[in-house]
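These notes are about the structure you will find just below.
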Amino acid sequence: VPLRLFTAQEIDALARCAGFEMVEMYGSLDEEVKVDDEDLAFRLVSVLRKL
């Protein structure tokens, strides 16, 4: 199964096209880990709101 990685900008654009807005992005399931934390961020968690 082919996989594709998405950048934060691509996720934001796809969300907007689907009728959502970006509320916040985190680098983990822990809200304290910011998406740009090079030591602790190991995934991209997006919080979206339906427009």
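Points worth noting:
- Residue check, residue 20 modelled with pLDDT of 95 or more and among the aromatic types (Phe, Trp, Tyr): yes
- Long-range neighbours under 9 Å by Cβ, at least six apart or interchain, first residue without any contact (Cβ under 8 Å) to a residue 60 or more places away in the chain and of a type in the set (Lys, Arg) within region 23-51, second crowded, with 16+ Cβ neighbours inside 10 Å and assigned to a loop (DSSP other than H, G, I, E, B): 34/27; 34/41; 43/27; 43/28
So that you can scan it fast, the table gives a plain yes or no per residue for (1) touching a helix residue (DSSP H, G or I) at 6+ places or on another chain (Cβ under 8 Å); (2) loosely packed, with under 13 Cβ neighbours inside 10 Å:
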{"residue": "7", "(1), (2)": "no, yes"}
{"residue": "25", "(1), (2)": "yes, no"}
{"residue": "35", "(1), (2)": "yes, no"}
{"residue": "41", "(1), (2)": "no, no"}
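The values are calculated or read from the model by the stated rules, or taken from the named source; none is laboratory data. Values in this document were obtained by computation on a predicted structure and should not be read as measured data. Cβ: placed from backbone, ideal geometry, glycine included. Neighbour counts: every protein chain shown.
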